[in-house]
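J.: One structure is given below, represented as structure tokens, and several questions about it will come after.
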Amino acid sequence: MSVENAPVVDVDEAAIPVEKKMYYRFESNDKKEFRVSELAIQQSETLNRLVEAMGYTSEDVENKPAIAIENIDGKTLKLVFQWCEHHKGEAIPVDDGSVPKIVEIPEFDAKLMDIDNGLLFKLIWAADYLNIVQLLNVSCKKVANMAQGKTPAQLRRVYLLPSDEEDEAAKRAAQEAQDPRAREVEEEFEERKRQGGNSFF
Amino acid sequence: MKFHRFPHLVQREICSLLHPFDLVLLSFCSDRTRRAVKKANKNRKHEIWVSGIKWYMSYSFREMNNFKRSFSVYWNGPQVCRSKFYIKIDGTDVGICERFRQGEIYLEDCSHSLSMHKYICNLFNVPEEIYVKSNQLECELQSVKRSYLWNSDSEFTLDDLERFYRYHPDQEFSEVSGKLALGYDHYNENVFVVRNLISRGTIRSIWRSFKLFKGENAYCEDTYMSLFQIKYAMEEWMKRKDDGLKSMIFKPKEEYDVEKTRKKVKEISCGNERKQEVYPYKSM
């Protein structure tokens, strides 16, 4: 029987059971709540595993308290979930090992990441923490793009890289902060040396 | 945006997205940054091949049979290189010009090009030995460990090749691709003095391959085959004693009719070992 000759059957769409979408509730460390679809959560390996392990039903989602994400603030989490909702259902990319890695930033992502460096830093940190591969790819690409065509002096300014001397001073300061006696001993040693002492002990 | 405050995985991700040239420049920023770049490059699987001469070295990254040209290191001279900074390589202060053009790094002193080579190899976690990729046989670089020679426009001469292999005697691997200008009056022997050789369309005849190659393993592609040549080569090889040859594999030209040579062979192996794995190029 050809397709044209097939009998036409009226379908009562209302009678078809529609699978109810589940929305999980998450709470940032500054107590802001977000509702995120099950499909969007799949972009994050960490959250996906978490909700799988919890085994919540639709009722649980509504009745139980929101899942707390303690390391991420509301402003950052909003961006993360916006990204996840926009890219829900998309395949998670696999690293093909090409050097340099080829990543293109879609228009939506570019607009989403049109933020100050501080927030971008938090977004990358969150993408890493929540293991959202493609968000990490695009956000790191944005950071990598900042390095293009820059000299070492410009790179130092862009990535706030301390010089060797500054690193050395910071290391010393950290050591001293850990052991306040170390500085006193060093000063005492210097003083004795100035006085012409042969032995410190 | 503090680079060093990112977790290691993120630093690695950023580095994987950067062009090798930008990575080298990033490494110049501080010793801590150099260590971060080196750590991020730990799992990269590639080799660094260079072409050029002492005052101009062009760097390519090789993965299997693909070369990706990445950047060049030039000697610019102290007069031109006025604004510069120094990095320490093995206790030597290497002057680098502050001004960069895309894909070009300028050194103050010509004699520091090998130190810079060492620095770059160390940064990308690859062997410091020199792997040369060249279509010119007058290669000034010393201690070449591997070579990739190709010639698409003209032909190699045996004299030039002989000079090249004599000048770089400790090569563990060489791949030659291109035509060989071979007169009938040439009776050179032991030209390709290298442990492992791949010849792609360069040595066309089987018996000549035996004459020209001095090493352990050779793979010769696009060879002309005849039963007479095979027999002659085998006899020649049987006469030799302790020549160090372990295997020679010949792959005939595509249109070669295997059936016609009575034996159904595509590859003929002489010696105790069959080196099927020599082709395609594989890091040894």
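J.: Taking H as built 1.01 Å from N, whose amide H comes closer than 5 Å to the amide H of B:Glu98, not counting residues under 5 places away?
T.: When sequence neighbours closer than 5 places are left aside, the close amide H contacts are B:Ser83, B:Lys84, B:Phe85.
J.: Here is a follow-up. Between the DSSP loop rule and a limit of at most 15 other Cβ atoms within 10 Å, which chymotrypsin sites (Phe, Trp or Tyr not before Pro) in region B:139-219 are left? Present the calculation step by step, with values, prior to reporting the outcome.
T.: Numbers: sites: B:Tyr148, B:Trp150, B:Phe156, B:Phe164, B:Tyr165, B:Tyr167, B:Phe173, B:Tyr184, B:Tyr187, B:Phe192, B:Trp207, B:Phe210, B:Phe213, B:Tyr219; in loops: B:Tyr184, B:Tyr187.
Taking region B:139-219 and a limit of 15 other Cβ atoms within 10 Å, the loop chymotrypsin sites (Phe, Trp or Tyr not before Pro) found are B:Tyr184, B:Tyr187.
J.: Rounded, prolate or oblate, given the Cα gyration tensor of region A:81-120, with a/c below 1.5 counting as rounded?
T.: Working: a/c = 2.39, a/b = 1.30, b/c = 1.83.
Oblate is the answer for region A:81-120, as a/c is 1.5 or above yet b/c matches or exceeds a/b.
J.: Across the Cα atoms of region B:3-123, what radius of gyration and what greatest pairwise Cα-Cα distance (Dmax) are found, in Å?
T.: When restricted to the Cα atoms of region B:3-123, Rg and Dmax are 14.3, 42 Å.
J.: Can you work out the FRET efficiency for the pair A:Ala177 and B:Asn188, with r the C-beta to C-beta distance and R0 = 51 Å, to the nearest 0.05? Let's see the in-between values first.
T.: Working: r = 72 Å, r/R0 = 1.41.
Once the sixth-power term is evaluated, E becomes 0.10.
J.: What does the C-alpha gyration tensor say about the overall shape of region A:19-152? Classify as rounded when a/c is under 1.5, otherwise prolate if a/b is larger than b/c, or oblate.
T.: On the way: a/c = 2.46, a/b = 1.75, b/c = 1.41.
It is prolate, given that a/c is not under 1.5 and a/b is the larger ratio.
J.: Amide H neighbours of B:Ala218 under 5 Å, at least 5 residues apart or on other chains, H built in the peptide plane: list them.
T.: Residues meeting the criterion, in which the H sits 1.01 Å from N, are B:Leu197, B:Ser247, B:Met248, B:Ile249.
J.: For a test of the definition: using alpha carbon positions, the gyration tensor, and the 1.5 limit on a/c, classify region A:114-174 as rounded, prolate or oblate. Kindly include the intermediate steps, with their values, before the conclusion.
T.: Details: a/c = 2.76, a/b = 1.53, b/c = 1.81.
Cα axes put region A:114-174 in the oblate bin.
J.: Just need the relative contact order of region B:22-77 here, percent rounded to a whole number, with Cα pairs under 8 Å and 6+ apart. Don't jump to the answer; show the numbers that get you there.
T.: Working: 63 pairs, mean separation 11.8, N = 56.
Relative contact order of region B:22-77: 21 percent.
J.: Can you give the FRET efficiency for B:Lys2 and B:Asp242, using 1/(1 + (r/R0)^6), R0 = 60 Å, r = Cβ-Cβ distance, to the nearest 0.05? Walk me through the numbers before you get to the answer.
T.: Details: r = 63 Å, r/R0 = 1.06.
Efficiency at R0 = 60 Å is approximately 0.40.
Read the figures in this text as sums done on the coordinates, not as results from a lab. Keep in mind it's a predicted model, so treat the numbers as computed, not measured. When we count neighbours, we look across all protein chains shown, and the Cβ atoms used for this are built from the backbone with ideal geometry, even at glycine.
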